[in-house]
1. With r defined as the distance between the Cβ atoms of V378 and R192 and R0 fixed at 60 Å, what FRET efficiency is calculated, to the nearest 0.05?
2. Take L198, L334 and sort them by solvent-accessible surface of the protein heavy atoms, 1.4 Å probe, largest at the top.
3. Tabulate in residue order the Karplus-calculated ³J(HN,Hα) for region 310-319, using 6.51 cos²θ - 1.76 cosθ + 1.60 with θ = phi - 60°, rounded to whole Hz; enter x for Gly and Pro.
4. Calculate one ³J(HN,Hα) per residue across region 159-170 by plugging θ = phi - 60° into the Karplus curve 6.51 cos²θ - 1.76 cosθ + 1.60, and present them in order as whole Hz with x for glycine and proline.
5. Counting other Cβ atoms within 10 Å of each Cβ, which GluC sites (Glu not before Pro) in region 35-80 have at most 16 and sit in a DSSP loop?
6. Report, ordered by chain and residue number, the lysines lying within cross-link reach of K401, taken as a straight Cα distance under 24 Å and ignoring same-chain residues fewer than 8 apart.
7. Under a 5 Å amide H to amide H cut-off, with H placed in plane at 1.01 Å, what residues pair with K364 once short-range neighbours are removed?
8. ³J(HN,Hα) across region 251-261 via Karplus (A = 6.51, B = -1.76, C = 1.60, θ = phi - 60°), whole Hz, x for Gly/Pro?
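The values are calculated or read from the model by the stated rules, or taken from the named source; none is laboratory data. As the structure is a prediction and not an experimental result, all values here were calculated from the model. Don't worry about glycine lacking a Cβ; one is built from the backbone with ideal geometry, like all the others, and counts go over all protein chains shown. Heads up: the accessible areas ignore ligands, DNA and RNA and are worked out on the full protein's heavy atoms, side chains in. Shrake-Rupley method; radii C 1.70, N 1.55, O 1.52, S 1.80 Å.
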Amino acid sequence: MHTRHPLIIILCFLCCQAVAQERFAKGFLVTNEGDTLRGLIELRETDYNPSEITFKSSQDSQATVYTVSEVRSFSVVGISAWERYTLPINMDPIHLKEVEGYSAPPAVRKTVFLKILQKGKNAVLFSYRDELKIRFYVVHSESREPQELVYKFIRVGGKFAEIYAFRDLLTFIAERSGVMTEDLRSQIKRARYSEPQLLAVVSRMNGVEPEKIRIQNKVGTGFRVGAGVNISRLHYYGKEEFAVNARSSPSSAYWFSVGYDLAAHPMIGALVFRTDVAFTYAEFATVSHDYRYTSDLDFAYSFKQRTGSLGFYVLYNIYNRQTFKFFVSPGLRLNVSVYDYTYEMRRTSVGTVEIFSNNDAEPKRNWVSVPLKIGIVVQKFELGVAYSPTSVLNNGDFIYKYGINSIQGGAIYHF
């Protein structure tokens, strides 16, 4: 593939990125003055806690950006809720090589939006994630502002120790709230520093089930089926006479696939991880001349290839609207092929014809390809074309090498 192709993709990305990733959902925010503004809030393709909010009163109105200093709280209906607090953010390292004894970098006091994981009668659980790590906070009857649930490493001599201080705070809250039981105490002692386990503990303290957000209209997540045309060509390498003079006609056949897409952020769908199982058919025919023995010794070499593949891809929607998308998707395919008997025909200058099987040159059954796909998605229909550079097919001990490259075009339907 020519060098200019990646440059074109990067250029498209830079041109479209600023405007293409907007996606709004119903929500509201509360200003410093206590006014509640209802409308649409932009969703972001990031796990970090936001420092600003893009808000529109309606789909056609002008967007307004509110900073963390201007908004007390905001919520995206059915997805997330956030409250503003000014509190110390610890900067303890998460990599062991950066841990030094009992000392740690000083906390930084910041005004931030904390994500509400659960509100209940005995405790409110929050999370805050930035470039360094995720931290969890809790508000309870004995605190006016969120207290951090502390988990960190310390170095003692040449060894490391884990500090589970968050378990002590959870135990204190459960006991002061009068909800401590032996089962809850055991659960707290086993709890790891993760959102599911901390949410399970706080939910039990509040006497409620952990809330499960059901995201409607998951963008880029779900099953898909596809089919189309596969155009493949053999290329020969080496100084052997057959390879030097070999000419292979392209094979035009079919492919079909069944796959699943999983979006990193289902309500936005800009970054999608996908996998599929595919079947591809191809027929190859090659002609060549060998001038070492006679001026008229022709060869014809042919075989049929049936390939099953397991594919893994990363898809990024450069232009990402709900009803129209333009994407680029590099991938890796693990292929297993079976072949009909490979035949070779020889025709001499006196008209003699020999046809025999050439199992010595049978292509590899297991091989890898690296496709790059570009395409569009309109509603639930995807149209695209994928190019796979040459992958060597013959076994390494043969006197010449040959490989296959392909272009696939077709349509995919997303359920």
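1. On the way: r = 44 Å, r/R0 = 0.73.
Efficiency, rounded to the nearest 0.05: 0.85.
2. On the way: L198 0, L334 80 Å².
Heavy-atom accessible area, descending, gives L334, L198.
3. Going residue by residue, I get 10, x, 10, 9, 10, 10, 10, 7, 5, 10 Hz, with x marking Gly and Pro.
4. Each residue of region 159-170 in turn: 10, 10, 9, 8, 10, 9, 5, 4, 5, 5, 5, 5 Hz.
5. Sites meeting the loop and neighbour criteria: E70.
6. In chain and number order, the partners are K239, K304, K364.
7. Those qualifying (amide H under 5 Å, at least 5 residues apart or on another chain) are N394, N395.
8. Per residue, the Karplus-derived 3J(HN,Hα) values read 9, 10, 9, 10, 8, 8, 8, 10, x, 9, 10 Hz.
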